[in-house]
């Protein structure tokens, strides 16, 4: 058996602790599979005194995290510090620059600096691997980079944020149970139960999913990571009533990150969608993640599993280490970074599809006519319109599904209605996933 | 860019034609991703004159297929001849023995000879790759070998035969539509439409799925492939009434290949199961395939997609070639063949679970009592029992769901009823997937 792969861990939060536990628990099997032992030799984190429920005394403790990048006895550094810049980025650059392999779960850093890190890793002849950065334990980076590598991919999309999916699933369950809880109430409970962060905005506003989508899109389409070009929308606006209307239409609401090539460029957007019940993403419940890749030969592939948590994320980190131990790794973005193209960002207005629109309106004569006229004047064709009874505050809910048409027209209709005294609050627009 | 990977194709049926078309259509993208061009240089098949809808005149035609294994201008041979032995095995051995990489979609050959081929490939320092052999285009071999490599896997199971899943889905649709077509009728139509072979026994009796399961189990558990130890059952006995009863119980019927470690050995079985609606495999419809792997850190992973057809299978074959072109390949069964253990086969009687039992019985006094007594005497606890009205031939259907208990007890109960004059035909037993 070849020499041990010697690993340094930077960051000892939930995932870091999970990596230590996993390497302990599955040590022999991993050595058989990797062809050599994988051993942690050094660790670093902010607080040495903190009890992490795992014996760290056998590892060398390093106070200055960046020193891991220069340690003579380290072959690979696992970066679990987090944050797009700062210590994580400093460590990543130094690790790669020093000729050591880097494994990271840091989607924010990859979204912002993935390309320059890949260029540096290829120049240094080391691995830059990040399976844990997207969809937690689900091997979707590998699935796209290798499993689907023979295909021109037409779309890649999925449920990339477990917190949002958990909240939407809880809302769904409450609608089925007849209690119909809205977003804010379910979020508060998710926070109390530890399923959502105290500051949940990265999750619920779609930023986290946007980070992940930009990584997937780069690998899928051979384009340079372009996080700034991702339109990110979240789930704050969704009401129990929207979930009920979607169900009545044979759909479920999911926050979908979607990237596709076309119209001379790359379209990337995170947005809640109505997903038809016969689509596999409609059945992804709770905090699971799932990614679909559509290829010109393979058709539709689905990868699904736990998108977060210590165990699944550690599983992905260690899978990367096993690839490194086996010597089975190559360009991080599936092709040399120099071969990635700079794709033009495609505006959403160029897209076509069906849409769901929900208005909260004053209950008075002429409101429906005003909405219908705005749709007509913008050239939007209405497939169905439902008005539900008056609520306690005197407003009623109007839900519309359009025929297929340009998103631009729907946006124009909403623009016509902007500021109308008939509307209570901002209308909600969601595409139907086709 | 490095030198071209030069490929010989043996077998030019649907999949072979698909490989040629795919390499033509996606040529430039594949070269970017693989870091080098992948080119077919030689082909061989039984009938040179046959029109395959693709220009083969640019390739060297070789009459003696085995000669591909010794051609100076060939780096990798793709074996698409089929059959466990004969020309496919001769070619595989000669290719590996001659120091050339082998890619194959031949699950029967791997089920019977995979271990010796892996030993030979490792001795020769060449790749033996077979992503297309299991679940067609779905990268599940890679998912287990690499994606889930950090985990002790507790179970691996899935829908491994598209023909059976298509037939069960069609039966399901007919039950929903109120026409309730039985197996034989749907099979005949599937054959007429080209979704099932003229001799469908390999598919519908579970042999094809058993081949695939033995490959998955070996990679998942680090055990030598043991096809002879797979219990294979098919779907011939399933009636529309079974599907209706399963639906009434909140389940769908799927042919599942399942392997798990425990009781000091490895259990492998292909059998129709009742799958609860909240399990992802219940939503795998038509000819799709899907595999679930359950790991001690990652939890439940799902891989899903097209399990057959020219495009998906070619996608998997070419993904293997890209891995070879990248130099990203290692031991075929995830660890050196010498490290694979010889697992004892575990008998199904040792297993516990809930079961579905369906009896077709004569409509007369005492039949239910006889069945209930047999259950009681064998120690089987009944959770529910439904008897449905008389059919034209005077028989009635009795469907039972048991509480959790040993499979051995259920088998004993059925043994007690064997030969009973009350039963019309053989009872059907199916486990509930837990």
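The values are calculated or read from the model by the stated rules, or taken from the named source; none is laboratory data. Owing to the predicted nature of the structure, the values given are computational and were not obtained by experimental measurement. Here the Cβ is made from the backbone with ideal geometry for all residues, glycine too, and neighbour counts use every protein chain on show.
Data overview
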item: Checklist (1) part of a loop (DSSP other than H, G, I, E, B); (2) touching a strand residue (DSSP E or B) at 6+ places or on another chain (Cβ under 8 Å); (3) touching a residue at least 60 places away in the same chain (Cβ under 8 Å) applied to residue A:48, failing item; result: (3)
item: Which numbered condition residue A:305 misses (of (1) under 24 Å from the mean Cα position of the chain (by Cα); (2) surrounded by fewer than 19 Cβ atoms within 10 Å (Cβ to Cβ)); result: (2)
item: Residue check, residue A:61 assigned by TED's automatic domain parsing to the domain that holds residue A:43 and over 21 Å from residue A:38 (Cα atoms); result: no
item: Residue within segment A:185-205 that is under 30 Å from residue A:151 (Cα atoms) and either surrounded by 24 or more Cβ atoms within 10 Å (Cβ to Cβ) or touching a strand residue (DSSP E or B) at 6+ places or on another chain (Cβ under 9 Å) (or both) present; result: no
item: Subset tally (residues that are in contact (Cβ under 8 Å) with a residue 40 or more places away in the chain and either part of a loop (DSSP other than H, G, I, E, B) or out of contact with any helix residue (DSSP H, G or I) (no Cβ under 9 Å at 6 or more places or on another chain) (or both)) for segment B:63-105; result: 8
item: Residue list for segment A:300-337, restricted to those being in contact with a helix residue (DSSP H, G or I) (Cβ under 6 Å, 6 or more places away or on another chain) and without any contact (Cβ under 8 Å) to a residue 24 or more places away in the chain; result: A:302, A:330
item: Filter result (more than 7 Å from chain B (Cβ to nearest Cβ) and surrounded by 24 or more Cβ atoms within 10 Å (Cβ to Cβ)) within segment A:314-329; result: A:316, A:317, A:320, A:321, A:325
item: Within segment B:106-116, considering residues that are touching a helix residue (DSSP H, G or I) at 6+ places or on another chain (Cβ under 6 Å) and buried (at least 24 other Cβ atoms within 10 Å of the Cβ), the one farthest from residue B:79 (Cα to Cα); result: B:111
item: Residue list for segment B:281-313, restricted to those being within 7 Å of another protein chain (Cβ to nearest Cβ) and either on the phi > 0 side of the Ramachandran plot or outside any loop (DSSP other than H, G, I, E, B) (or both); result: B:283, B:295, B:299, B:300, B:301, B:302, B:303, B:304, B:305, B:306, B:311, B:312
item: Single residue of segment A:106-116 satisfying the filter (assigned to a helix (DSSP H, G or I) and without any contact (Cβ under 8 Å) to a residue 60 or more places away in the chain) that is nearest to residue A:38 (Cα to Cα); result: A:109
item: Single unsatisfied condition, residue A:31 versus (1) farther than 12 Å from residue A:321 by Cβ; (2) free of Cβ contacts under 8 Å to residues at least 60 places away in the same chain; result: (1)
item: Residue match in segment A:238-256 (condition: surrounded by fewer than 21 Cβ atoms within 10 Å (Cβ to Cβ), over 29 Å from residue A:400 (Cα atoms) and at pLDDT below 95); result: no
item: Selection within segment B:1-16 - assigned to a loop (DSSP other than H, G, I, E, B) and either away from chain A (no Cβ under 12 Å) or modelled with pLDDT of 95 or more (or both); result: B:3, B:4, B:11, B:12, B:13
item: Qualifying residue in segment B:119-133 (condition: part of a helix (DSSP H, G or I) and free of Cβ contacts under 8 Å to residues at least 24 places away in the same chain); result: yes
item: Matching residues in segment B:17-43 - criterion: being outside any helix (DSSP H, G or I) and either under 30 Å from the mean Cα position of the chain (by Cα) or more than 9 Å from chain A (Cβ to nearest Cβ) (or both); result: B:26, B:36, B:37, B:38, B:39, B:40, B:41, B:42, B:43
item: Subset of segment B:264-280 [at the interface with another protein chain (Cβ under 8 Å from one of its Cβ atoms) and buried (at least 24 other Cβ atoms within 10 Å of the Cβ)]; result: none
item: Failed item in (1) touching a helix residue (DSSP H, G or I) at 6+ places or on another chain (Cβ under 6 Å); (2) under 30 Å from residue A:282 (Cβ atoms); (3) crowded, with 23+ Cβ neighbours inside 10 Å, with residue A:157 passing the rest; result: (1)
item: Out of A:217, A:226, sole residue that is out of contact with any strand residue (DSSP E or B) (no Cβ under 6 Å at 6 or more places or on another chain) and either within 19 Å of residue A:187 (Cα to Cα) or in the same structural domain as residue A:289 (by TED's automatic domain parsing) (or both); result: A:226
item: Strands (runs of 3 or more DSSP E) within segment B:347-429 that include 3 or more residues in contact with a helix residue (DSSP H, G or I) (Cβ under 6 Å, 6 or more places away or on another chain); result: B:355-362
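Let's see how each residue does on (1) surrounded by 17 or more Cβ atoms within 10 Å (Cβ to Cβ); (2) over 33 Å from the mean Cα position of the chain (by Cα); (3) not assigned by TED's automatic domain parsing to the domain that holds residue A:120:
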site: A:342; (1), (2), (3): no, no, yes
site: A:361; (1), (2), (3): yes, yes, yes
site: A:384; (1), (2), (3): no, no, yes
site: A:394; (1), (2), (3): no, yes, yes
site: A:397; (1), (2), (3): yes, no, yes
site: A:413; (1), (2), (3): yes, no, yes
site: A:421; (1), (2), (3): no, yes, yes
